[in-house]
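Worksheet: one structure, shown below.
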Amino acid sequence: MQQHNMRKPWLLILILFGSLLPLGVASGDSEDPTFTLTGQVYTSEGEPAGSTYVRVDTMESVLSVDGSYSFPGIVPGEHTVRAYFMNDGHTVAYRNIFIEQDTTLDWYEGHNWITVAAVNNTGQALSQEESYTVTLAETAETQDLDDGRTEFGPYRTGDYYTISTHLDGGESNQLTTHLKLEPGSATAPHVNHVVFQEGKNSVFGFVTDAAGNPAPEVIVSGGDVESTTNPDGFYLLNGLSIGQDVELEFIQSGHSIAPNVSVSIDYGSLWVNQTTTTTLELPGNATFLNSVMSVPMGPVELEWTKGLYTDYVELYVNEISQSNIIYRGSSSSFEYTPSESGTSEFFLVAYNVNGTNPHPGSVLVLFLPTQSEEGSWTTGMSWNYSLVHTPEYRSNRTLTAIGTEEIVDAFDRSQSTYLLRITDDRYEDGETAFRWVSSETYLPVKTYWSDAPESSGYYQEGSLGWNFTSNGSDAGLFDGQLSTRLHFNRTNIIGVPGHPNGYDDTHNSVSVQHGVSVTTPAGVFNCTYISIEDDEDGVLSWELWFNSTVQNYVKIIDRLPGSHSDTVVHELTDYSRPNVPTFLTEAVVQSSPTFELQWSEFSNIKGYQLLENGVEVYRGTSTEFEVRNRGDGTYQYQINAITELDYVLMGAVLEIQVDFAPPVPVLTSSASFLSTSETALFSWEYEYEVDHYSLTVQSPDGTTREVYNGSSSFAEVDELEPGLHRFRLTASVNDKLSEPSSSVFVTVETDSSSNNDGFMPYLSALSVMFVLLSAILLIEMGRAKE
């Protein structure tokens, strides 16, 4: 026991020593530190910007919607950072940045930075033993190099700037460069990054034609360095060694268009302008008519316009390479047939005998599958039918898929169904109808219809069951195991006073034929033809023609419609699978300031963008959004799709009118009977913040007066005269008055006719006499037993 106790101090010392070890020693190597880039995003005028994406390298973008952003998880080192102003000009800015701590960076639309680095003659970072400065001539700014780096800006893009420094000693040893500040791009993110190196300088200038116009797309070379003039005719050659003599050449499409110029590389500002002696007409830009398209899977017509001096164009898919060329010629269109659904990008390059324009046009095409996965429906799909009833009645009807739901059919079986909204050109305002159809047979499992409120308010709800069998076993219509028998059951609950409900229960023979052609106003279709014959009377109750491309029945003859008609013929007139995101919410007047918007699913995209009056209010993957607290007025919404390449595919537009009608409050009372000496207590609940409530009472003499006006959720009313009193409550919200509540009646009785607590009923003299006589009778009966 003593030896065991001796070990305890040593064990405690070891534990304490271990706790004092550095974390790296105690638990191995720690993870690399990461830092956060934060800041604001502004419009070019300095106001907080709308939706803006900020991205570092290839990491996932972060979205700023309120003018601020935070980008965590950045490892130390040099990075490329980008800001994409979605709602402010759709512009972008790329820049170089070195992260070694949490950093703040504010962006302005249409602006960018000049970033500067300096190295010694071997390309290594400069020694920190000496201080170096960099000057921006146009603003007279001077910055000290910190670890060989500094920056200027942000400044408006499109302007030219001169940057200089002294790395080689005295003031006369000045290194100078000149550049045009650019937004940058994914392929040229460091276009505004300047690197000064000891012993090297730059040559720059403008190339113009004889008339003084800029000469773009001219290759200017000197030694091993070359540059292509921009649309202003400007070129810049960096990294030329001091003391070197170089011969500047000016080449366009393989032809020399200006005399060579000999330049001795020295310190200072080395401007070399040149005028061309030969003018080559290069082809103008070839431009697609669209920048983003979404089309059903199948051939698509790509169309473009050609610029001046174009002999022919080359069309490429996904990248500009000889293996990806799909067309060469002088046409202005080309029909392309994809091999699979998904996103493809097309590039167009123009050529003539002098060369090509190096800025190809592009278009992004989203090829949608003609059918969704496993042939299922997606929200937003719709089918238009013409309906002819016998006796004669015609209408045009649209069925729109708006969701899915599990439904129990008339045989008490759970069925996966698609929910369809039905609209009809014969419907009145407020008349609504829905249908739930089986996801396997596309036949209705449940139906619902309600009349317009101003008409009757009647409704009809149907529950149906389709039990298809073959040789006694369950079978389907389209799964290869074709049905031969059908047990059909339908119950229609008809919400009309005095009208009996409808009921059908039939046993039928089923015949299925493939490859049957049928013509409807929508075209000629190759169909699966299904005929269902009643075993009892031999009538063809249903004839149905199903087409797999339409993914629905293109024609139905229904001789058991369950309505006042003998026969209803449905013929397809049109159908659509949305090529752009489509709203499922209808354009109705919203009586509430808070409402929900829903839109169709869309395949092969990154997410959705919802705009309200042109301003983004939602971005994400959901297909619904709750709009809250909107004042009266008209709001225009647009739902767009965001592709994987951050292209915006414009979608449908929906106009919603908000006309707020305060809901009717619910009034309750603490008692229905009171004495004149008691106080009536009323209370209520309400979902909105009110301006005030108004409680009124109609007295027994018929006069009405206000007994409370305020914002409380209860009120006490006293000094009520005997008789029946009618109380009602209204609510005022945003200067709008609700309809009065349901009436609450309170009977007030005099104290002499009430007991002390005010709740026991009045006992008449006759009742008292009856009680006394009963008591006497009971006493006498007891005596008789004795």
As an exercise, identify the GluC sites (Glu not before Pro) in segment 467-571 lying in DSSP coil whose Cβ has no more than 12 other Cβ atoms within 10 Å. GLU536
Rg and Dmax of segment 208-362 over Cα atoms: what are they, in angstrom? 19.9, 63
Using Cα positions and a limit of under 17 Å, work out the aspartates and glutamates in reach of LYS736, with same-chain residues fewer than 8 apart set aside. ASP632, ASP659, GLU687, GLU689, ASP691
Once normalised by the length of segment 287-368, the mean sequence separation of its alpha carbon contacts under 8 Å that are 6 or more apart gives a contact order in percent of 40
Note down the net charge around VAL664, summing +1 for each Lys or Arg and -1 for each Asp or Glu among other residues with Cβ under 14 Å from its Cβ. -1
Using helices alone, I'd like the mean residue ellipticity at 222 nm for the chain: each DSSP H run of four-plus residues gives -39500 (n - 2.57), total over residue count, nearest 500. -2000 deg cm²/dmol
Selection from GLY233, LEU597, ALA210, by position along the positive dipole direction of the chain (Cβ): LEU597
How many angstrom lie between the Cα centre of segment 551-594 and the Cα centre of segment 684-700? 43
Just to confirm a number: summing +1 for Lys and Arg and -1 for Asp and Glu over residues other than ARG426 whose beta-carbon lies under 10 angstrom from that of ARG426, what do you get? -2
Compute the angle between helix 2-20 and the longest alpha-carbon principal axis of the chain, please, reported from 0 to 90 degrees and rounded to the nearest 10. 70
For q = 0.21, 0.23, 0.28 Å⁻¹, what log10 I(q)/I(0) does segment 524-589 give under the Debye formula with an equal point scatterer on each alpha carbon and no solvent? -0.92, -0.99, -1.18
Alpha carbon centroid spacing (whole Å) that separates segment 376-395 from segment 77-120: 56
Using the Kirkwood radius over C-alpha pairs as Rh, can you work out the diffusion coefficient of segment 59-188 via Stokes-Einstein at 20 °C, viscosity 1.002 mPa s, in µm² per second? 130
Burial-style ranking of 72-79, 212-219, 698-705, average other-beta-carbon count within 10 Å with highest first, yields 212-219, 72-79, 698-705
Do me a favour and compute the ellipsoid semi-axes for the chain from its Cα gyration tensor, root of five times each eigenvalue, largest one first, whole Å. 74, 46, 30
Sort largest first and round to whole Å: the equivalent ellipsoid semi-axes of segment 692-731, each the square root of five times a Cα gyration tensor eigenvalue. 19, 11, 7
GluC sites (Glu not before Pro) lying in DSSP loop within segment 604-688, provided at most 15 other Cβ fall within 10 Å: GLU644, GLU687
Of all C-alpha pairs within segment 287-368, those more than 23 angstrom apart amount in percent to 16
Could you state the principal axis extents of the C-alpha atoms in segment 32-109, from the largest down, to the nearest angstrom? 37, 18, 17
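In the neighborhood of PRO231, defined by Cβ-to-Cβ distances under 13 Å, what is the net charge if each Lys or Arg adds +1 and each Asp or Glu adds -1?
Result for the neighbourhood of PRO231: -2.
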Let me see the pair-distance distribution of segment 378-576: every alpha carbon pair, 10 Å bin width, integer percents in order. 8, 33, 42, 15, 2, 0
Counting other Cβ atoms within 10 Å of each Cβ, which GluC sites (Glu not before Pro) in segment 303-334 have at most 10 and sit in a DSSP loop? GLU319
Restricting things to Cα coordinates, could you compute the convex hull volume per residue of segment 588-679 in Å³? 141
Could you grab the relative contact order for segment 589-658? Cα pairs under 8 Å, six or more apart, rounded to a whole percent. 36
With 10 angstrom as the radius, rank MET86, MET650 by how many other C-beta atoms surround their C-beta, starting from the fewest. MET650, MET86
Do you know the relative contact order of segment 100-214, to the nearest whole percent, from alpha carbon pairs under 8 angstrom that are 6+ apart? 28
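Read the figures in this text as sums done on the coordinates, not as results from a lab. This one's a predicted model, so the numbers in the text were calculated from it and none came from an experiment. Cβ coordinates were reconstructed from backbone atoms using ideal geometry, including for glycine residues, and neighbour counts include every protein chain displayed.
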